[in-house]
Structures are given as C-alpha cells and as structure tokens.
1. Say whether the condition of being among the polar types (S, T, N, Q), assigned to a helix (DSSP H, G or I) and modelled with pLDDT of 95 or more is met by at least one residue in the range 165-187.
2. Looking at the range 510-527, which of the residues that are in contact with a Gly (Cβ under 8 Å, 6 or more places away or on another chain) and open to solvent by less than 20 Å² (accessible area, probe 1.4 Å) is farthest from residue 367 (Cα to Cα)?
3. Residues that are of a type in the set (Ser, Thr, Tyr) and more than 31 Å from the chain's Cα centre (by Cα): does the range 482-489 have at least one?
4. Out of all the residues in the range 184-208, which are within 16 Å of the ligand (Cβ to nearest atom) and under 23 Å from residue 661 (Cβ atoms)?
5. Confirm whether residue 636 is modelled with pLDDT of 95 or more, over 29 Å from residue 312 (Cα atoms), assigned to a loop (DSSP other than H, G, I, E, B) and of a type in the set (A, V, I, L, M).
6. How many residues does the range 629-663 contain that are touching a residue at least 40 places away in the same chain (Cβ under 8 Å), of a type in the set (D, E, K, R) and surrounded by fewer than 19 Cβ atoms within 10 Å (Cβ to Cβ)?
7. For the range 485-502, how many residues are crowded, with 19+ Cβ neighbours inside 10 Å and either in a loop (DSSP other than H, G, I, E, B) or touching a strand residue (DSSP E or B) at 6+ places or on another chain (Cβ under 6 Å) (or both)?
Amino acid sequence: MNAHVHKPKGTLTTCPYCGVGCGVEAAPGERGGSVISGDAAHPANRGRLCTKGLALGETLGLETRLLHPMLRGADGSFGRTGWDAALGKVADGFRRIAERDGPGAIAFYLSGQLLTEDYYVANKLMKGFIGSANVDTNSRLCMASAVAAHRRAFGADTVPGVYADLDEANLIVLVGSNAAWCHPVLFRRMIENKRTRGARIVVIDPRRTATAEESDLFLAVAPGMDTALFCGLLVHLAESTALDRGYIASHTAGFRDALNRSREIAPDVATTAAATGLERDDVQSFFDMFATTARTVTCFSQGVNQSAQGTDKINAIINCHLMTGRIGRPGAGPFSLTGQPNAMGGREVGGLANQLAAHMDFAPDHVDRVRRFWNAPRIATREGHKAVQMFDAIARGEIKALWVMATNPAVSLPRAAEMRNALKTLELFVVSENVLSNDTIHAGAHVLLPATAWGEKDGTVTNSERCISRQRAFLPSPGEAKADWSIVCDVARRLGFADAFAYRGPADVFREHAALSAFENEGTRDFDIGALASLSDENYDTLDPVQWPLPAGSSRHGDGEKRFFADGKFFTPDLRARFIAPEKPALKEDTSPAFRFRLNTGRIRDQWHTMTRTGLSARLAAHLPEPFVEIHPRDAESAGLADGTLARVTTAHGACILKVMVNDGQKPGSLFVPIHWSAETASDARVGDLVSPHTDPFSGQPEAKATPATIVPITMPLSGFMRTKRDIRLPVGSWWTKVLLEDTVEVRFATERGLLYWHDTAQRLLGPDGTLVEHFDGDKGTYCAAVVVEGAFEDCLAVGPAGQAPRLSSIRTMVANHPGEIGSAIAHRSVASEDIEDTGPVICVCFGVGLAAIRNAVKNGAGSVAMLGATSRAGTNCGSCLQS
Ligand code: SF4
C-alpha cells in the first residue's frame, strides 16, 4: 500500500469524472461551500487536477437534485412518495414480472459512475438472486472492446501497465485518444516526460486534436483503418531487429497466423499507406520509431474502442507489443485509458452482461464457484444482453422491467430516439438518479429513487492503472437520498433475500467483494485483492490508494511487481499470450451520395457526459458553450456553410441542428460532434440520435465514430438571446441552447418567429413580476425587452436579424433611459450601442482568460507559454488549456 504521508486539511476523496482517478481534497470553505484541490499524495495525480476536477466545488448545489422518491401519476407528472411505497412498487413489479415472464424479462442498466460497492450488490442481486445476466452498463459504450481484446490476448481482462510507464517510456503512441482533453492530468505527465527526457509522442487519430498539436508525428488515419496500420507495423517488425523470437517462442502462441493475416492486410509500407490514407513517409517514420524504441507504450481509448471492429484494432496493437516482448516491462506495453471514473471497478465486480464477478465469466466452474460463494438460489448460467441488444429486447417486448442507475441512456445510446420510444413501452421503468430531470426520466420512468451524489457517496473506485481509491463523503445526504448500494439492498430484502444483502455499510460490501476475488483463486485469476477482505471498518475508512496486484506476500500475484506479465506468464490455460489474427478492416456502412460524410463523436475538454454535473459550473460552460459540428474548410465551402452559422446534420437514424465550426484539423469528408448536449440543454443536439447501432462482434461495443451523414445549412431569419433563470419553453421551430452564466442562464436561439411574436410573448416569457420595458427598432428590425424591478433587471430578451440582435449593453441603456415606464418604451429609434468588451472564447477556464486577451499578450511581446502565463495568468494553474 502507498504510504499516505500528506496531512490533509479536508476529506480525501477521488474525482468522479475520468479514468485517471485523481485524488481530491475537499476542505470546508471559510464562507461555506467546499474548497477543492488536488491530493498531493495521490499517486495518480500528485496534487494536479484538470479544469473539470478544479470546478467540482461549483457543482455541489442542490437546485437540480432529486431529493425524494417519486412516482409517475396517470397524468404523466411525478408526485412525491415515501421510500416504502417506492421500494414496494419496485419489488412487487420485479416479482410479478419474473414469476409471469421469467427472470430474463428484467434488466439493470448500470454506470461507470457507480462505486464498486454499488456495482457489486446490483450485479449480485441480478445474476445471483433474480437469476438473469441482463446487467449491462454504460461502460459497454466506453471500453468493452479493451476488455474483449485483453481476454483474447491474455486470458483475462488485465491491464498490464502502470502510469509510471508513461514517465519512463521513450516513445508514447496515442491511438484514438484525445488525452489532452479526455485524460488531461495523465497527458501532462506524458508532456513532462517529453520535456524532461525527450520522449517522443505519436498521435494516430482521424482528427488533428489538441493532443495531436503536441505530437512529434501525427498520423491522420482514415476512419476505421487502425487495424491496417498495426498489421503493417507487425509485418515491418517481423523483418526488423525488434522481433523478439525468444519471447515469442517462450511466452506466446499464434504468431504465425497473425503474421500471415497481417501480410494479407498490409504487406508493406506502400500498401499500409494506401489503406490508411497516410503519407508513405509518415508510415515509414512511425514504423522506424516503433521498431527502434524498446521503451514504447501504446495508449488507446475511445477512438479505437467505440468501433464495430474495436476488439480487432486493440488486438492488432497488442500483437505488436507481444512480438517485441514489450509488455510487463518498465516504460513498455499496451495501455487502455478508461473513460469513466469506475469502469475498472465495474469490470472487477463483473458489471457487464458477459462477465460474472471478480473477473470470472460464465464457464460452468466459474458459475458454480460464484453460486457457492454467494449461496445464490438461482444463479444466471449464461450471458445476458449487452447494452444495444438489451434495449432492442426492450423494443421487442422481451424485457418488461428495467432499472437504470446513474446514467442517461436516452441520450447516449446509438439510435437514441428509437431507444426512447422503446423505454416508453416498459411495464416497470425504475430510475435511480441524483437529478430531478433528464432525458431518461422523461422517457417514461415510473419510479424515481433519489441517490446520493459525489461528495455524499462513500465507497471505492478503481482507475485505469488498477489503483483502488476511496471516494469519501464530506457532505450529508440531502433530503431522503440514499446510497445506491443501500437502495439495491432494500429491494433485495423486499424480494426475500435479506440474509444475502444484510450489509451494515459499504465496508461490509467491499470485504465480501475482496473475499470473492480470492475465493478458490489458485493464481488462475488476475484479480485477487483477498488481503483486503479482513480490513476493519476503521482501516476501510482510512484506506490509502492501493494498486493490485497487491504488494508481495499479500496475494498470489503479489510478487512485488506492479506490472502484470513481467514473468511472461499469462492467464490462459498454457500460460501463453495469444496473438490474434484480425479480420480485414472494413467499416459496416459505406458513405453514399446521400450521406457523404463520416460522423465522428467525442468529448470536449470541460464537459462530462450529459453535463448533469459539469453543466452546473459557469466556468466550465465558458470553454465551448454551444453544441457544434466541426467540418474541414473545403467541405464547409462545398456545402455552403460558414463558421458560426447553423447546420442540420442528418443520418439514417435522426438529425441534429448545430453551430458550424470550421476547423482544418478536421479530416476532409468527416464531421465531428460532441456528445454532451441533451434535451435539457439544447433543442436539437442529442447526438446519440444520429449514431448507427452496429456493434463489435466480440465486445458488443457500438460504433460511434463512423456513421454516414450529411450536412446542410439552416437559415433562420432571426436570432437572439434571453437571460432568465426561469424554465422557459421557446416556440416550436426555434433552435435554442442554454448557456450557464455566473448569475443566470442565457438561452441563445434562432427562430422563424417575427418580432411581433416576441413582443406579444415577452411578458409571459420574462415573468409577470416587474415592469416590462421594451424597445423596437424598425430600421434595424430588432426588438429587446427587460423586466425591471426597482430600476434593475435580471430577465431580458433581445432578437434581431441573424447575428444582429441587440447586445446586453443596449438593453442596459434602454432600461436606463426609461425608468419606471410600463410597456411604453416602444420607440422607432435606435438605442446607442455601447457593447460590452468581447473577450472571445474562453481559453483558460481557471482564470477566465479569453482568446482576445491572449492575442493582446502576444501582440505585446509574450513570445512563449511562460511569458504568456506571466502576463495573462493563462495556463498557470491546471495546464489543461495549454492543450487547447
Ligand atoms: S484528469 Fe481531470 S477529470 Fe480526470 S480524474 Fe483527474 S481531475 Fe478528474
């Protein structure tokens, strides 16, 4: 275990966002609230946090929280109820449906945001006691291909490397990973290695991302062709001195087949270049770098995982490491960067439909072992439905009851619009949530169960390098919210399984989880944290971050090595790793004249998932406030699109309306759209609606990176904004998006409704209290209004020809010129415009430094990042913006 020598002033916990798993210290603020800082002693981040982590203190308000159990009434609205009634409805419904239709008619859809203890009991209840393996998770959309590839190659879902490898590597290859935005603290470590040790960074991605900007070599690979690139590399390595014949002979199987298949796919550099759309010289450079650098780490993330060929892509990467023996050694190995905070914990407890528990699967001996350990009356004996198939089974009426915990599938699943329709057909639809409103709740949920949120939760999470850290509560549970593990146990007790779910707290759950990992584990399973099964409650409370395999002597794998496979032994029956011969890469759907672009989806730097938490921080909203589509300048020109205008992106499954962002980092022929907006935050930006449902044959992970799409300009005659905290509805046919500001919400909109409409509805939209002051400018065709209370205003509205609505300063002037007037300020003259300073897009979120300020600093002589930081403060805190 790590000695946690740091003396914290507050509570030590873990960031709830990405898989880096940064340690966080939450201390009480002098004027209330919580002060968030990085835990200097946590091995994942050593005190660093990115913009999202630093803003955690701004996301702790209760305004949007679900605080009481709710039931949906006949009129569709939710009414408060008690826990007893809500849990009774859930348990009665599950019992009735299981007795009538069998356990396969029930499903749980879990989340990488759950703690390990939550995950463990939910998985145990469904697989061991209800008797179905229909438990899947949003992690299926995140890293299921990595799990499948690990199991194929290593015989177990084992991440070989550790973060220290990124400090010690001489070559870091990032495949399908915008780590600068999605794993920022880890990326800073890579950059530090580059700066101090001269490590080189190669980025392989169809988009020139912020990560690519820092690379020594950027390979804009054609969508879906990563397998071809790594097959070409394998062929090249076979003829190089990097080929480790001794390692292959002693520790692997299947090399010849994999090499033959690779030769069929990419026999030489020229063929590889042609297949991948890359320059031949660039391919050659990459191959040479890889061949000549023993300390090479290849990191991969959603860019390869979220693919209908994701498992093959990752195995093609692993093949190259196996043939060079570069695995289980300092500074070398394939490395899966997980997206979610506890995707790894979910894997440990078997939270996927094709796993059982503790890294076991549905092999008969595993089923029997877990059945005996749980004393389970009706354990599932075969795999359940994976995420996309689970929702298809709901649409077919085979699954009749669903419990969704801590995730928002109505936004994030492929073909999300069809999935929302499917959810409406459920006989029983239960949602455990900490927000009062989201798209999944509005897709027909019957029962809402209030769950505790970050800051209130207590348990453990596991990060990308197998480090288990405590998430600790530093706030009381608000309202009637309960921990997810406790809600699951309440339902289990009502189903008659009280003895098996009699946990007094999360420590009890953790001890059982640890004991199962060691149960009849004679070294054949990688996951063994049995030494933690006897932790006292106090030791659990004070547990330092601990990485498995546990230190020497404390588990069968605890030989003192933090890396797996240092001894060349794997978890297959013959202890040899497997080379995998991948299929010839081919995307599932071709583009066509109707859909000539490839739609790629992904994350932005300062938002997380569907923004239910990050969306509460105005600072985070400032970075990229509106839903957008990125397009290459040439494509924009040919499609008649200009930067900042609106466009409709359409696929065979749905359409979105988004702001155009012209960017030459975008590959010609492809579009990029971020995933974060929902019906709560924008009118037409649910990107899941666009995505095809094709899944990888081994992992079941959907293809989220290559849906054929088209894009056309949208013209709306008027645009404007409204500032109000009220939950307003704009007229049908308007496009809108909500942007959180420090003290209010700005609804930015474009509309076909004329000025008269806005004049007629201003009082209703802006609220009945106060004096409505208005101004109409016939010459400019603009209208603005504000509700004035005691000479000041909060709520206001401005609308005018596209891009020419009056600005806030004009509304201020209007109010100043018409004190106390009631609806009589309508004048056919212009108000003097004295617009507020336009700082441009915010680059440094920590200090609110806009692009204009940065340009000014450069103009005034700031010639380096350090000088820029000294003059503007930009980039001097978390450093995330240095990669923007
Ligand atoms: S990198 Fe950022 S989002 Fe990820 S765990 Fe660390 S602070 Fe949280």
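1. no
2. Ranking the qualifying residues of the range 510-527, first place goes to 510.
3. no
4. 184, 187
5. no
6. Going through the range 629-663 one residue at a time, the tally reaches 1.
7. Summing the residues that are crowded, with 19+ Cβ neighbours inside 10 Å and either in a loop (DSSP other than H, G, I, E, B) or touching a strand residue (DSSP E or B) at 6+ places or on another chain (Cβ under 6 Å) (or both) in the range 485-502 gives 2.
To keep it simple, each residue is scored yes or no on (1) touching a residue at least 12 places away in the same chain (Cβ under 8 Å); (2) aromatic (Phe, Trp, Tyr); (3) on the phi < 0 side of the Ramachandran plot.
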| site | (1), (2), (3) |
| --- | --- |
| 369 | yes, no, yes |
| 372 | no, no, yes |
| 393 | yes, no, yes |
| 397 | yes, no, no |
| 411 | yes, no, yes |
| 442 | yes, no, yes |
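The values are calculated or read from the model by the stated rules, or taken from the named source; none is laboratory data. Just so we're clear, the structure is a prediction, and the values are computed from it rather than from any experiment. Because the Cβ atoms are built from the backbone with ideal geometry, glycine has one as well, and the counts that use them run over all protein chains shown. Each accessible area value is taken on the protein alone, full model and side chains, heavy atoms only, with ligands, DNA and RNA left out. Shrake-Rupley method; radii C 1.70, N 1.55, O 1.52, S 1.80 Å.
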